[in-house]
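Bear in mind that the values in this text are calculations on the coordinates, not laboratory data. These figures come from a predicted structure and were not determined experimentally. Neighbour counts run over all protein chains shown; Cβ positions are idealised from the backbone, glycine included.
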Amino acid sequence: MVLRLLAIGFVWVFSSFVLGPSGPAVAQGFDDVEIETLDLGHGVSMLTGQGGNIGVLAGPDGILMVDDQFEPLAPKIRRALQNLSDGPVRYLVNTHWHGDHSGGNAAFSRTGSVILAHEQVRARMSTEQYMGALDRRIPASPDAALPVITFPDEIRVHVNGEAVRILHVSPAHTDGDSIVLFPDANVLHMGDTYFNGMYPFFDGSSGGSVEGMLAALNLGISLADDRTRVIPGHGPISNRAELLRSRNMLAAVIERIGREKLKGASENEVLEGRPTADLDGAWGRGVLKPDDFVRLVYQSLPGPEPRAAN
Ligand SMILES: [Zn+2]
């Protein structure tokens, strides 16, 4: 099935969100970005700039970093890291292939970082991709940007006294998502399986699904306790209670839209019923506007069984 395009305004805003500034904005697009560091304890920090939130574990062994935003930001990210450790970025984890999380890969691999990711991240970055929500083709990445260690389910990295757990969860935001747990620091990086305080985007053309997003939130909730600091892919630092709120919102939306679609309602009919009206004030001010979110969810859910031919 061809994915129906979302609203034009959304595509414009969203393409700069995922792909970085385009057109005349490229030259200065990142000049004003400042990298800010939030200390989460036990050597773990969250870095924010433009693009997906970065997780950092720094210590005597050097740095393990989770996601790297956009390539032009690499020098600024390096300067922020120098305040955390004199050592190099030894390990770089990609939570998924989207450019706002992996755009800096080549810059860091050229200075010796070993990139780790789920095997679908390497597979997708190795070939041209089509993002349905943007109606855009994304070219294959250069070899220097590709993950060199890939895994099917879970891998652990033992560094700075932490046994960092990188767990694959699929299908969620894409088919190559990982979430990253720092057990001693009690920090969980959810990647884009979690958008804090806003309707989440998921990329059906990369194998993502809304029901998988729900499963990923449930996994995150099961790994967290009341003291866990949760790094979302986008949005401010979070915790288990907020993960639960997001999960409950998403479960309600899936239930409402799924029920109508199973009854045979069309996408426009579901939209006209305003199934998220009571939620839009709290969740609809992020990257996805309410109508775009309803369309995405509708497209991701199963419809009625086709009638048997007779
Ligand atoms: Zn993403």
**Study point:** Nearest 10 degrees, 0 to 90: helix 240-262 Cα axis against the chain principal axis
**Key:** 30
Review point. Per residue, what volume in Å³ does the Cα convex hull of the chain take up?
Key: 135
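Suppose every Lys and Arg Cβ carries +1 and every Asp and Glu Cβ carries -1, with no other charges. What dipole size does the chain come out with about its Cα centre, to the nearest 20 debye?
In total the dipole reaches around 280 debye.
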Check your understanding: Going highest first, how would you order 220-232, 159-171 by mean Cβ packing within 10 Å?
Key -> 159-171, 220-232
Review point. Calculated from DSSP H runs of 4 or more alone, at -39500 (n - 2.57) each and per residue, what is the 222 nm mean residue ellipticity of the chain, nearest 500?
Key: -9000 deg cm²/dmol
Study note, to complete from the structure: Partner aspartates and glutamates whose C-alpha sits under 15 Å from that of residue 261, ignoring same-chain residues fewer than 8 away, are 211, 269, 272, 305
Check your understanding: What is the helix-to-structure angle for 290-300, meaning the angle in degrees between its Cα long axis and the longest Cα principal axis of the chain, kept from 0 to 90 and rounded to the nearest 10?
Key -> 80
**Study point:** For the chain, with +1 on Lys and Arg beta carbons and -1 on Asp and Glu, the positive-most of 199, 151, 234 along the dipole
**Key:** 199
Revision key, fill the gap. Projecting the Cα atoms of 126, 254, 215 onto the charge dipole of the chain, where Lys and Arg contribute +1 and Asp and Glu -1 at Cβ, the residue farthest towards the positive end is 254
Exercise for review: Determine the dipole magnitude for the stretch 137-236: charges of +1 sit on the beta-carbon of Lys and Arg, -1 on that of Asp and Glu, nothing else is charged, the reference point is the Cα centre, and the result goes in debye to the nearest 20.
Suggested key: 160
Check your understanding: For all pairs of alpha-carbon atoms in the stretch 34-155, what percent lies in each bin of width 10 Å, listed from the first bin to the last filled one?
Key -> 14, 47, 31, 8, 0
Point to revise | Long-range amide H partners of residue 30 with built H, under 5 Å | key: none
Point to revise | Amide H contacts under 5 Å for residue 136, placed H, 5+ residues apart | key: 131
Exercise for review: Of the DSSP beta bridges with both residues in the chain, give the percent that are antiparallel, rounding to the nearest 5.
Suggested key: 70
